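Read the figures in this text as sums done on the coordinates, not as results from a lab. These figures come from a predicted structure and were not determined experimentally. Cβ coordinates were reconstructed from backbone atoms using ideal geometry, including for glycine residues, and neighbour counts include every protein chain displayed.
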Amino acid sequence: MRKLTTEDAGSFYTLNLDKEVLKFTGDKPFENLKSAIDFLAGYDQYEKYGVGRLAVIDKATLKFIGWCGLKYDKEKNVYDIGFRFYRSYWNKGFATETAKACLDFGFGKLKIETIVGRAMKQNIGSIKVLEKIGMTFKNSFDFEGQEGVIYEITKLNSFCVGEGRNG
């Protein structure tokens, strides 16, 4: 994983063209490649908050396969975990592996106390990932007119789940 750059715009753009990838996100595809470049050029989470979505690169092929990372929502004063991958990489453990690494970074390096994950209730795949990384259901909310769910994990509870953790 590494920080996203404008050089990722082509991959970022094509990832968001897939209707199945965007189905449960509430996002719309970029209008064109330039809009993806502009988005990435203006992405300021790293500088402002020390976190951000990260490009996930397949070690074997060195190809961009998706993204994963933490994001800070200043209005809600909360950090959330998010991930998005090309469909050909679904159900292969990439989201779980990278999300675990992001939680470890957030809790260990940044000393974040709580991280949330949001998903549409229909998005069973993402909910399974949130559960695999140790998050538990907190409550429901309105997600773009659909029923959404919020999962949560605290630093205190993060050490009883997954590889490299005690318990």
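Using a Gaussian network model of the chain in which every pair of alpha carbons under 10 angstrom is joined by a spring, one finds that among Arg118, Arg53, Arg87 the greatest mean-square fluctuation is at Arg87.
Database remark: amide H of Arg53 closer than 5 angstrom to no amide H (H placed geometrically; neighbours at sequence offset of 5 or more, or on other chains; Pro and chain starts carry no H). Taking a ≥ b ≥ c as the square roots of the eigenvalues of the Cα gyration tensor, region 46-121 is prolate, since a/c reaches 1.5 or more and a/b is larger than b/c.
In a Debye calculation with equal point scatterers on the alpha-carbon sites of the chain and no solvent, what is log10 I(q)/I(0) at q = 0.15, 0.17, 0.19 Å⁻¹? One equal scatterer on each Cα of the chain leads to -0.85, -1.12, -1.41.
Among Tyr79, Tyr46, Tyr151, the largest mean-square fluctuation in a Gaussian network model of the chain (Cα springs under 10 Å) belongs to Tyr46.
With respect to the cross-link table entries Lys74/Lys100; Lys121/Lys155; Lys92/Lys138; Lys19/Lys155; Lys28/Lys111; Lys28/Lys109, which display a Cα-Cα separation exceeding 31 Å? Pairs exceeding the cut-off: Lys19/Lys155; Lys28/Lys111; Lys28/Lys109. Rounded to the nearest 20 debye, the dipole magnitude of the chain is 400 debye, with +1 charges on Lys and Arg beta carbons, -1 on Asp and Glu beta carbons, and the Cα centre as origin.
A cut-off of 5 Å between modelled amide H atoms, ignoring neighbours fewer than 5 places along the same chain, links Gly117 with Ile81, Tyr151, Glu152. Adding -39500 (n - 2.57) for every DSSP H run of four residues or longer, then dividing by how many residues the chain holds, sets the calculated 222 nm ellipticity at -7000 deg cm²/dmol. Taking every DSSP bridge with both residues inside region 53-167, close to 90 percent are antiparallel.
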